[in-house]
Amino acid sequence: MISTAIRVARVGSAAELAAAALMMLGFPVLMLAALVPSVPAFAAAAAATYLADHYLHRKGSYLINRLSKVRAGLSIRFLIRQLLLVLLLARLSLSDDLIFYGAIACFIAFYGLQAPHGALVTLIRNRRRMPVATRNVDLASRVRIPDAPPRRLLHRSAEKMLHIDLAAVVGVLVSAAVDSAVAGFVGIGVTLALGCGYVLALMPYVRGRRIPPRAEVVLAAVDDWLREYRPETVLYFSGSKDSAYQVNMWLETMEQLDSRPLIILRERAILERMAPTTVPVICVPGGVHLMNMDLSTVRVALYAANVGKNIHMLRVPTMKHVFIGHGDSDKLASVNPFSKVYDEVWTAGRAGRDRYAIADVGVRDDDIVEVGRPQLAPIETWQGVPEGPRGGAADGRCPTVLYAPTWEGWDGNPGNTSLVLAGENIVKKLVKADPPVRVLYKPHPFTGTVSKEAGAAHRRITALVEQAAAERAADPRFPTDAAAQAAARAELARIEARLAELSGAGGEKGDEAEATRDGLIDVRKHEEIARLRAEWDNAYWRSFPAYEHRVITGAEPRLYDCFNVSDAMVSDISSVVSDFIASGKPYAVTDSAELGVEEFKRQNTAVRAATILSNSAAELGELLAAVREPAADPLAEDRGELKRYLLGPDEPKSIDQFNTAVANLTLKAETRNLGQESRAAAGAVEEVEPEDAEQPAR
């Protein structure tokens, strides 16, 4: 019942739900205590509402935002508490006492301070918001960007300002209890002094050298840097904050380009969620700013998503535009008719080319280039399950099956994801498999964002996996090397502490302007972080038994890390399947729309070497048999052929193919631009010659 209430209220935990309930009930209790009247009851209820409010703000609770939408926002809650305190004084027959008028005057003056405080905070934030935010771009040598104000001044500033009334409330309550106005006026004085001090502390940051330069100065500095750096290949990206993974998957590829790379983002939220990289990054939220930016040296623009803001870059004729996408699959998104706007579409292998030919959406075959998938380099090929007793329980090693369903999509198609119709059947059969296997469940980050049914299915599957993990932990057939796991957890803690130190976690974070100024990456530190992340991954998998079922969400461990520790995978039609094929391991795909095996394979290239599952998941035995007896796997040869068809040949390496494609397209852009210059020059000559012919001879 509590879990249901948590879901309905959209809070993160039982403690958050309890705090919300305490705050909601606290205000009626305050009113009753004021009417009775009872100073102790009022003090207790006030304390509860203060603490609950503070806790929900610290947690960033969804309920806080909802309360402001129904006119019960932060300021209103504090005002109601203060009005009820005045009512309490009146009910205590103190309405003719000086403390009564002092409390009213204090609260009026206190709310008078809210306007300048809010105005100053807003002004500081607006003046420190840069027209562009950057990483790995040296702007500090070109423009002066001052330090950010102390975080304690601006972080949750409205809540801090309002909580200053606590001194006055406590003082007035003490005065009401002991029948002496001294404590009340002391509290009133403290509240007003602190409020005025807070406003005065903000004032220096709205003028002089404590504010960043004007937008035109910053933009001019960026153009100066661009002319000096002379970028040649741009990765352009726009999207919601949840789509940051789509640009993150291309960062290592951009770092390995032979040409000078640049990443252009359109949303600040993406920049905040972007993984560390050595490539220069410019975030340009304003379309006008982007269109006025000097990108004259760029010859190739790469697009990882089809979004409306792409038009701001597509309009530039001096560069060639390429759709590289964020995955290669049989989904409709992989043959989007919008792809016609690009000069070229790059696919992993022959399958992508054929996909566009079959879809007939206007993308010419001559405009498709096969470049492989550079991101797949970390995926290890399968060597089979390590030898040992079948099932591996005796030596702590079970075959591992990864269940990585995709999300529900925007169109409500039941074939998008297996979660709703098949997910529970898949997981139930896997956790009950005999001989046993280990289950890793890693859902898509967007799961449940559109469909409530998918979100509910995800929660049920999570509960199934966690319950099965608890039962297996209590099963004596599965021994545990507690010492080794404790050592791995200690190593994890050491690595995480070092990563936090290198990343600056735990300290005060600067604002956008300061992050732009100090955003030059330390390459040596970046390399150490990469090494530590590899060590973290190794320690993570050793920190719990090799047979333990696991739900894996969040950025770490990454999907490809899950690929490498798995012996097979169950998934849906998505780029996950195409990527997993690089491992050569057995896999299954769910026909959630119930097309039938033959039709499902006809429509979806990536499943031609897969075990096809119905929504009952009755066919899972075929997948598990292939894992346990690799020599008898009937689809092994088909997987090899499909890998070459979907992802291209192993040689030359994909990154080499990618660099060759960039170089070829750069040459095309240069040829086009030289042709335009020649035609422009010829036209200028034609305009000048008639005028020269009319001049009299001298």
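The values are calculated or read from the model by the stated rules, or taken from the named source; none is laboratory data. Values in this document were obtained by computation on a predicted structure and should not be read as measured data. No Cβ is skipped: glycine too gets one built from the backbone with ideal geometry, and neighbour counts run over all protein chains shown.
Do you know which residues across the range 561-579 are in contact with a Leu (Cβ under 8 Å, 6 or more places away or on another chain), under 18 Å from GLY325 (Cα atoms) and not polar (S, T, N, Q)?
Passing the criteria: VAL576, ASP579.
Confirm whether GLY448 is touching a helix residue (DSSP H, G or I) at 6+ places or on another chain (Cβ under 6 Å), assigned to a helix (DSSP H, G or I) and more than 30 Å from ILE529 (Cβ to Cβ). Let's see the steps before the verdict.
Working: touching a helix residue (DSSP H, G or I) at 6+ places or on another chain (Cβ under 6 Å): yes; assigned to a helix (DSSP H, G or I): no; more than 30 Å from ILE529 (Cβ to Cβ): yes.
Taking the combined requirement at face value, the residue does not satisfy it.
For ALA244, indicate whether it is in a helix (DSSP H, G or I), more than 26 Å from LEU376 (Cα to Cα) and not assigned by TED's automatic domain parsing to the domain that holds ALA168. Working first, answer last.
Values: in a helix (DSSP H, G or I): yes; more than 26 Å from LEU376 (Cα to Cα): no; not assigned by TED's automatic domain parsing to the domain that holds ALA168: yes.
No, not satisfied.
Hey, could you check the range 161-192 for residues that are buried (at least 19 other Cβ atoms within 10 Å of the Cβ) and part of a loop (DSSP other than H, G, I, E, B) and say which is farthest from the chain's Cα centre (by Cα)?
Per the stated criteria, the residue is ALA181.
With the requirement that a residue be over 9 Å from ASN615 (Cα atoms) and either surrounded by fewer than 23 Cβ atoms within 10 Å (Cβ to Cβ) or free of Cβ contacts under 8 Å to residues at least 40 places away in the same chain (or both), what does the range 408-426 give you?
Within the range 408-426, the subset over 9 Å from ASN615 (Cα atoms) is 408-417, 419-420, 424.
If the condition is that a residue be over 9 Å from ASN615 (Cα atoms) and either surrounded by fewer than 23 Cβ atoms within 10 Å (Cβ to Cβ) or free of Cβ contacts under 8 Å to residues at least 40 places away in the same chain (or both), then GLY409, TRP410, ASP411, GLY412, ASN413, PRO414, GLY415, VAL420, GLU424 are the ones that fit.
Identify all residues within the range 258-276 that are under 23 Å from ASN659 (Cα atoms) and buried (at least 21 other Cβ atoms within 10 Å of the Cβ); write none if there are none.
PRO261, LEU262, ILE263, ILE264, LEU265
Are any of the residues in the range 327-345 more than 28 Å from GLY584 (Cβ to Cβ), among the small types (Gly, Ala, Ser) and either outside the structural domain of ARG299 (by TED's automatic domain parsing) or surrounded by 15 or more Cβ atoms within 10 Å (Cβ to Cβ) (or both)? Explain how you work it out, then say what you get.
Step one: list which residues in the range 327-345 are more than 28 Å from GLY584 (Cβ to Cβ), which gives 336-344.
Then drop every residue that is not among the small types (Gly, Ala, Ser), which leaves 339.
From what is left, the residues that are either outside the structural domain of ARG299 (by TED's automatic domain parsing) or surrounded by 15 or more Cβ atoms within 10 Å (Cβ to Cβ) (or both) are 339.
Yes, some residue in the range 327-345 is more than 28 Å from GLY584 (Cβ to Cβ), among the small types (Gly, Ala, Ser) and either outside the structural domain of ARG299 (by TED's automatic domain parsing) or surrounded by 15 or more Cβ atoms within 10 Å (Cβ to Cβ) (or both).
Being closer than 14 Å to TRP382 by Cβ and in contact with a helix residue (DSSP H, G or I) (Cβ under 6 Å, 6 or more places away or on another chain), is that true of even one residue in the range 606-618?
Narrowing the range 606-618 to residues closer than 14 Å to TRP382 by Cβ: 609.
Retained after the next criterion (residues that are in contact with a helix residue (DSSP H, G or I) (Cβ under 6 Å, 6 or more places away or on another chain)): 609.
Scanning the range 606-618 turns up at least one residue that is closer than 14 Å to TRP382 by Cβ and in contact with a helix residue (DSSP H, G or I) (Cβ under 6 Å, 6 or more places away or on another chain).
Given the criteria farther than 28 Å from ALA513 by Cβ and either at pLDDT below 90 or in contact with a helix residue (DSSP H, G or I) (Cβ under 6 Å, 6 or more places away or on another chain) (or both), does PRO261 qualify?
Details: farther than 28 Å from ALA513 by Cβ: no; either at pLDDT below 90 or in contact with a helix residue (DSSP H, G or I) (Cβ under 6 Å, 6 or more places away or on another chain) (or both): yes.
No.
Of the conditions (1) more than 22 Å from PRO131 (Cβ to Cβ); (2) crowded, with 21+ Cβ neighbours inside 10 Å, VAL234 fails just one. Which one is it?
The single condition VAL234 does not satisfy is (1).
Taking VAL298 and the conditions (1) in contact with a strand residue (DSSP E or B) (Cβ under 8 Å, 6 or more places away or on another chain); (2) surrounded by 19 or more Cβ atoms within 10 Å (Cβ to Cβ); (3) closer than 25 Å to ASP518 by Cβ, which numbered condition does it fall short on, given that it satisfies the others?
Every condition holds for VAL298 apart from (3).
Please enumerate the residues belonging to the range 171-192 that are free of Cβ contacts under 8 Å to residues at least 60 places away in the same chain and at negative phi.
Narrowing the range 171-192 to residues free of Cβ contacts under 8 Å to residues at least 60 places away in the same chain: 171, 174, 178-180, 182-183, 186-187, 189-190.
Answer for the range 171-192, where residues must be free of Cβ contacts under 8 Å to residues at least 60 places away in the same chain and at negative phi: GLY171, VAL174, VAL178, SER180, VAL182, ALA183, VAL186, GLY187, GLY189, VAL190.
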